[in-house]
Amino acid sequence: MRLARENPSGGYRRIHGELAALRIKVAASTVWEILREHGIPPAPERQSTTWTDFLRSQADALLAATSSRPAP
């Protein structure tokens, strides 16, 4: 659900791909069914995310990645 909310332009296939990259095995049809059951419309019908909204939603990950790097 979080992937769908943070990436409104990505459909169930993209979410399925992201989960596969994380080594989470789930069928694409299962992702589609879960989104449908939670009332999340297909990707083209969702509101697009602005760059600011995207950065805001990814801030924790960006900060964690930059704070874990050793100082030069």
Residues of segment 60-71 being modelled with pLDDT of 70 or more and loosely packed, with under 10 Cβ neighbours inside 10 Å, in sequence order, are D60, A61, A64
Considering segment 29-47 alone, what residues qualify as being closer than 19 Å to S57 by Cβ and in a helix (DSSP H, G or I)? L35, A43
Failed condition for V26, given (1) exposed (fewer than 12 other Cβ atoms within 10 Å of the Cβ); (2) at pLDDT 80 or above; (3) not in a helix (DSSP H, G or I): (1)
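The values are calculated or read from the model by the stated rules, or taken from the named source; none is laboratory data. Treat the numbers as computed from the prediction; the structure is a model and nothing was measured. FYI the Cβ positions are ideal-geometry reconstructions off the backbone, even for glycines, and counts take in every protein chain you see.
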